[in-house]
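Each value in this text was obtained by applying a stated rule to the coordinates, not by laboratory testing. Quantities reported herein were computed from a predicted structural model and do not represent experimental measurements. Cβ: placed from backbone, ideal geometry, glycine included. Neighbour counts: every protein chain shown.
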Amino acid sequence: MNNLILSSTTFGVVISVFGFIIGMELKKRFKTALFNPLLIAILLVIAVLKLCHIDYSNYNASAKYLSYWLTPATVCLAVPLYAQIEKLRQNLVAILCALTVGALTSLVSVLILASLFRLSHQEYVTLLPKSVTSAIGMGISEELGGYSSVTVAVIILSGIFGNVSGDLVCRVFRITEPIAKGLGMGAASHAIGTVRAMEWGELEGAMSSLAIVVSGLLTVIGASFFAKLL
Amino acid sequence: MKYIRQMAIILSVTCVAEILKYFIPLPIPASIYGLVLMFLLLLTGLVKLPQVKETAEFLVEIMTIMFIPATVGLMENWDVLQPILLPLIVIIPVTTILVMGVTGRTAQWFLRKKEKQK
């Protein structure tokens, strides 16, 4: 079975895409945030791999062609951002202040929770960059001496959690302005959250893309300082 | 031809970003250099919106499914997550909700203050 899968250049892509389509159908039918297409796709793919005893590496031998497009697609986030250039210029101060406060909130909350759970220094720095996009977070974690593979896992889980819970969080915090919703999503859940913000609207999506970049850069600077605190 | 030209521009910017990443040793991924570079190119008019629009929108639209393979990879990393599983079950939701809420509320406060001033 594993050899059969390994010989295919499309198997991983096909089950990933079908998992996502099933997720979209379920969401259409049940209309609840829990039926998040991305989350369902991931769980379905894991279930298929486990049930058919397929190794992750064999799945990824073809699924990696999906991952390949992540870098060019992230570059393309500049396009919806540019389309909102007027809104960006008009609200530059509000946007930068909100993202600075957001990045600090992330660092401070990890510091407090890590000390409550008595995590080691190495575990603490592993979690410090948890809100930023995975490639930046992985770099920060390595730089500070954390476990970078755990960092990536935690970043992805934060992204999925934000993607799924974003609607509810905005309702509870009574965040209704499109710019504010987008910035919140991007600051907390990077690119995985941004795909949800894109569904909310063009302005939300653009602000979320902007937040990925700005929060990422602020965290590069902030994390090296915060690393000394625990 | 339109799509070939658009793809050529997008992949060229990505390639230049990867070269930048190689020469600038910061923990910043090529994709972020590329995003900033593409934004600057559009801002200065060196690349016009119609020269990248449809292909860029297509890639952004299908971006969600690009996250599936890496996330499925978590099944491999399960043993590294296990020792700190309990703290993580608390830390991931709490910090994610806090960051989203605080960032959103701060932005909203600034936006509404500005509106009142008008």
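Report the label-to-label distance for residue B:43 and residue B:20 in nanometres (one decimal), using points 7 Å from each Cα along the Cα→Cβ vector.
Calculated label separation equals 1.1 nm.
Express the Stokes-Einstein translational diffusion coefficient of the protein assembly as shown in µm² s⁻¹, to the nearest whole number, given a Kirkwood radius over alpha-carbon pairs, 20 °C and a viscosity of 1.002 mPa s.
Values: Rh = 20.4 Å.
In µm²/s, the coefficient rounds to 105.
Please order B:31, A:148 by the number of other Cβ within 10 Å, starting at the fewest. Let's see the in-between values first.
Working: B:31 27, A:148 19.
Ranking B:31, A:148 by Cβ neighbours within 10 Å, fewest first, gives A:148, B:31.
Past the 22 Å Cα-Cα mark, which pairs from B:2/B:48; A:87/A:130; A:181/B:116? Walk me through the numbers on the way to the answer.
On the way: B:2/B:48 13 Å; A:87/A:130 28 Å; A:181/B:116 20 Å.
Correct reply: A:87/A:130.
What does the charge dipole of the protein assembly as shown about its Cα centre add up to, to the nearest 20 debye, if the Cβ of each Lys and Arg holds +1 and the Cβ of each Asp and Glu holds -1?
Details: 26 positive and 18 negative charges, 222 e Å.
In debye, rounded to 20, the protein assembly as shown gives about 1060.
Using only Cα atoms, tell me the angle between helix A:148-172 and the longest principal axis of chain A; keep it within 0 to 90° and round to the nearest 10.
So the helix axis and the longest Cα principal axis differ by about 70 degrees.
Working from Cα positions, state the angle (0 to 90°, nearest 10) between the long axis of helix A:92-116 and the longest principal axis of chain A.
For helix A:92-116, the angle is close to 70 degrees.
Shielding of B:9-18 by partners, i.e. mean partner chain Cβ atoms within 10 Å per residue?
Shielding by partners across B:9-18 averages 3.
I need the Kirkwood Rh of region B:44-118: take the reciprocal of the average 1/r across all distinct C-alpha pairs and report it in angstrom.
Details: mean 1/r = 0.0581 Å⁻¹.
Taking every pair of different Cα atoms in region B:44-118, averaging 1/r and inverting gives 17.2 Å.
Based on the Cβ-Cβ distance of residue B:78 and residue B:114, what FRET efficiency does E = 1/(1 + (r/R0)^6) give at R0 = 56 Å, to the nearest 0.05?
Values: r = 47 Å, r/R0 = 0.85.
Efficiency for this residue pair is about 0.75.
If you find the alpha carbon centre of region A:1-73 and of region A:93-121, how far apart are they in angstrom?
33 Å
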